[in-house]
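Take a look at the structure below.
Values in this text are rule-based calculations from the coordinates and carry no lab data. The structure presented is a predicted model; accordingly, all values stated were derived computationally and were not measured. Heads up, the Cβs are rebuilt from the backbone with ideal geometry, glycines too, and the neighbour counts pull from every protein chain shown.
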Amino acid sequence: MAAEKESSGRNGSIWGALTIAFVLLLGLSATYFLGRPMPEQARAEWNAMADAEAERLASTFVLLLDHANSPLQSLATLFNGSGRVAADEFENTSVYLKGHQSEAFPESMGFLTKSQPSSCGNDDGCWMVAYSTDTRGVLRPGSDVSRFGPMIATIDTALNEENSLVIGSVFEGETGSPYSYYAVTIRNTRQFGVVVSLIDYEKLVARMYDAWVPDGMRLRLEASFSNGDDMTEPRFIIGASEPREGSLRSISVPAEIDGAQFNLVWDISEDYAGGPQSLAGTFALYTGIFATLFLVLLLRGLFRMMG
């Protein structure tokens, strides 16, 4: 009788140990398989958020660049709607536009015509600045811009696309900052020429950072411009060709405006939106482990009481 009772107790202990081991294995396995996808899901949601942000910021860039040409469009309307625009009309209109479009108003704007002063050595004439908002730069009144390659390339593109606004190839200013010229051909009953305005890419991008770009996103801007029948080779005009240090991934968003092709490359770091929200996955993992251990201890206590 004692031997039978001892054997029954031993069997109960074995079954209890097996039950506890099964519950422990089942609980830990379930915790692992249920909790494992959560960090991956959190990262996927974080990536999707960054993708949407990059698309939105690319649209903002296009809108800002388009807004930057609004003074030029206004001047072009003035010229094309008149028989002749005098210097005082140009000046008064520029002052008005600057007062009402201060954020978009460019550093310099000018109306260029072709003439042949004594200083011009070209048989077909030189491109001269007739009117301008500039006083000392390339677009200062009376300046001969025929020797400034980026300007002539922009003028040629505008003449080839006479009914369209165009963005000329990028060039570096005195401080190394990237610029382009906006241009549109003017042809009224008494005037023929090109209206141009300066695009300051660094200023435009700085405005984006001030108002819209969140922490953890940095822009590298690649661009290609119309060059007659072809496009120039793409080059980075803001930032380098390689991702910034600390970037986890890069998102490229193409954009095209007025004949120029841009590629906005956004480098994403852990600082963006606080990084992937993996706290829920970690909490679920530890909760599952503690719940399993609690159940094992509870079963162990029950089996001891029953034994």
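Here are the numbers for this structure:
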| read-out | value |
| --- | --- |
| Placed amide H near residue 257: partners under 5 Å, 5+ positions off or other chain | 262 |
| Net charge over other residues, Cβ less than 15 angstrom from the Cβ of residue 163 (K, R count +1; D, E count -1) | -2 |
| Per-pair calculated FRET efficiency, R0 = 30 Å: residue 56 and residue 89 via Cβ, rounded to 0.05 | 0.15 |
| Within region 234-273, backbone nitrogen closer than 18 Å to the virtual label 7 Å beyond the Cα of residue 66 toward Cβ | 253-264 |
| Under 10 Å, Cβ to Cβ, from residue 276 - net charge with Lys/Arg +1 and Asp/Glu -1 | -2 |
| For region 154-164, Karplus couplings with θ = phi - 60° (6.51, -1.76, 1.60), whole Hz, Gly/Pro x | 5, 4, 4, 5, 5, 5, 6, 10, 4, 9, 10 |
| In order through region 91-103: 3J(HN,Hα) via Karplus (6.51 cos²θ - 1.76 cosθ + 1.60), integer Hz, x for Gly, Pro | 5, 5, 5, 5, 5, 4, 5, 5, x, 9, 9, 4, 5 |
| In Hz, Karplus ³J(HN,Hα) per residue of region 208-216 (6.51, -1.76, 1.60; θ = phi - 60°; x = Gly, Pro) | 5, 4, 5, 10, 10, 7, x, 4, x |
| Coil-residue trypsin sites (Lys or Arg not before Pro) of region 109-152, DSSP, other Cβ within 10 Å capped at 16 | 136, 147 |
| Counted charge near residue 208, where neighbours are those whose Cβ lies closer than 15 Å (Asp, Glu -1; Lys, Arg +1) | -4 |
| Residues whose placed amide H lies under 5 Å from that of residue 249, excluding near-sequence neighbours | 268 |
| Protection proxy ranking, peptides 104-112, 208-216, 65-73, 51-59, average beta carbon neighbours within 10 Å, highest first | 104-112, 65-73, 51-59, 208-216 |
| Relative packing of peptides 92-100, 198-206 - highest average C-beta neighbours within 10 Å first | 198-206, 92-100 |
| Where the Cα pairs of region 155-234 fall when distances are cut into 10 Å bins, in % | 16, 38, 30, 13, 3, 0 |
